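Following: one structure in structure tokens, then a few remarks.
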2 protein chains.
Amino acid sequence: MIKDLVSKNRSYRRFYQDHKISYDFLKDLVNLARLSPSGRNLQPLKYFLSADEQTNAKIFSTLNWAAYLKDWNGPEEGEKPTAYIVILGDTSLTTNFMCDHGIVSQSMLLGAVENGLGGCIFASINKAKLKELLTLDDHFEILLVIALGKPKEIVVIDEVQDNDIKYYRDENQVHHVPKRSIEELIVNKNQSKK
Amino acid sequence: MIKDLVSKNRSYRRFYQDHKISYDFLKDLVNLARLSPSGRNLQPLKYFLSADEQTNAKIFSTLNWAAYLKDWNGPEEGEKPTAYIVILGDTSLTTNFMCDHGIVSQSMLLGAVENGLGGCIFASINKAKLKELLTLDDHFEILLVIALGKPKEIVVIDEVQDNDIKYYRDENQVHHVPKRSIEELIVNKNQSKK
């Protein structure tokens, strides 16, 4: 059921690094992206896939991890992601990618979760450096990076208290993510009731 | 399987208008949105739900249908959507919604498809008019509208030919959507093969 997948799809940042992911599996995820909606059906997104250690290390070096965890600079050796999908905007087709990269990210992450994997979406990236390291053509704009692996952490959802949405880790290294209540999200809850 | 859902989740624009959708079902979809990733975990999106005829008619009047179908201005009476989710950005929290609205749209549409429904994402909206018709507070920015219903049309995927991505209807009213090949989407297909 989609609700189970969406619930299990948390942002994971620590992984079993000995669990490898194949290039072909990444291709399957891109196929989910390919079949997802695209504004004006333009399909301006392209994908750089990485499942080998050398390329993974390059991508890792450009990511900013978990802004709210001040004492943690990212997963240590042994807990790093084992694959990445770099989502690119092809500026030869358009410079307005609307929210296509959000749509495809969710498709691909749900595909990962269904296969016992998980990941995290990065928008905070050293894009200039990454573009150079991957020798990407100039007409590609880096939009997001999805890090993937077999999750090695427990992530739980809490209710937001006092409007504080910052995630944190407790003393048992469990990662807590405060989520707003459904009542807070619906603006017309007293109308249209059936 | 997620691939089946993603494949079945086409953009549908004609519906069985006698098939009603409940307000509570829309709430369930918003719960899928609620449990989806959000940039910096800020969760700045809000939702206006409509499942009654009067509000549906207001929203319908502000949507621009299927830009590539020049001879068609939208579904006629009897084939209109029976519910809508208006995705709002709460500018009191941020003015940068990143691609959150894309992420939640895909979650909600997959939830609709799983329940035998379908829909279409609109970004081309008369936003000023819609804001007035729904008497939305000034601090809400309209980002997208998702139209929902029980699909009454067949949508098939074709391969893109000659870089033409425009969808069209054939003589049997089947809706064709050209999609780029997976080979076109992956920029480093000759690297990292395992």
Residues of the stretch B:19-56 being at positive phi, in a helix (DSSP H, G or I) and open to solvent by less than 20 Å² (accessible area, probe 1.4 Å), which ones?
B:ASN41
From the list A:TYR68, A:TYR47, A:TYR23, which residue is aromatic (Phe, Trp, Tyr) and in contact (Cβ under 8 Å) with a residue 60 or more places away in the chain?
A:TYR68
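Quick grid of which residues meet (1) more than 10 Å from chain A (Cβ to nearest Cβ); (2) hydrophobic (A, V, I, L, M, F, W, C):
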| site | (1), (2) |
| --- | --- |
| B:ILE2 | no, yes |
| B:LYS8 | no, no |
| B:ARG14 | yes, no |
| B:SER22 | no, no |
| B:ASP28 | no, no |
| B:LEU63 | yes, yes |
Which pairs have Cβ atoms under 6 Å, sit 6 or more apart or on different chains, and link a residue in the stretch A:150-170 that is within 14 Å of another protein chain (Cβ to nearest Cβ) and open to solvent by 50 Å² or more (accessible area, probe 1.4 Å) to one that is outside any strand (DSSP E or B) and basic (Lys, Arg)?
none
For the stretch B:1-17, which residues satisfy the criterion of being of a type in the set (Lys, Arg) and in a helix (DSSP H, G or I)?
B:LYS3, B:LYS8
Is there any pair with a first residue in the stretch A:171-190 that is small (Gly, Ala, Ser) and a second that is open to solvent by 30 Å² or more (accessible area, probe 1.4 Å) and assigned to a helix (DSSP H, G or I) whose Cβ atoms are under 9 Å apart and which are 6 or more apart or on different chains, and what are they?
A:SER181/B:ARG34
Selection count, the stretch B:173-188, where residues are out of contact with any Ser or Thr (no Cβ under 9 Å at 6 or more places or on another chain), among the polar types (S, T, N, Q) and facing another protein chain (nearest Cβ under 7 Å):
0
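Test of understanding: among B:LYS80, B:LYS70, B:LYS127, which residue is within 30 Å of A:LEU110 (Cβ to Cβ), open to solvent by 20 Å² or more (accessible area, probe 1.4 Å) and either modelled with pLDDT under 95 or touching a Phe, Trp or Tyr at 6+ places or on another chain (Cβ under 7 Å) (or both)?
On inspection, the qualifying residue turns out to be B:LYS80.
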If you check every pair at least six apart or on different chains, which have Cβ atoms under 8 Å apart with a residue in the stretch B:96-113 that is more than 7 Å from chain A (Cβ to nearest Cβ) and over 24 Å from B:HIS139 (Cα atoms) first and a residue that is at pLDDT 95 or above and open to solvent by 10 Å² or more (accessible area, probe 1.4 Å) second?
B:LEU109/A:PRO37; B:LEU109/B:ILE121; B:VAL113/B:LEU5; B:VAL113/B:LYS8
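The values are calculated or read from the model by the stated rules, or taken from the named source; none is laboratory data. If you're wondering where the values come from, they're calculated on a predicted model, not measured in any experiment. Glycine also receives a Cβ, built like all others from the backbone with ideal geometry; neighbour counts cover every protein chain displayed. What goes into the accessible areas is simple: the full protein's heavy atoms, side chains included, and nothing from ligands, DNA or RNA. Shrake-Rupley method; radii C 1.70, N 1.55, O 1.52, S 1.80 Å.
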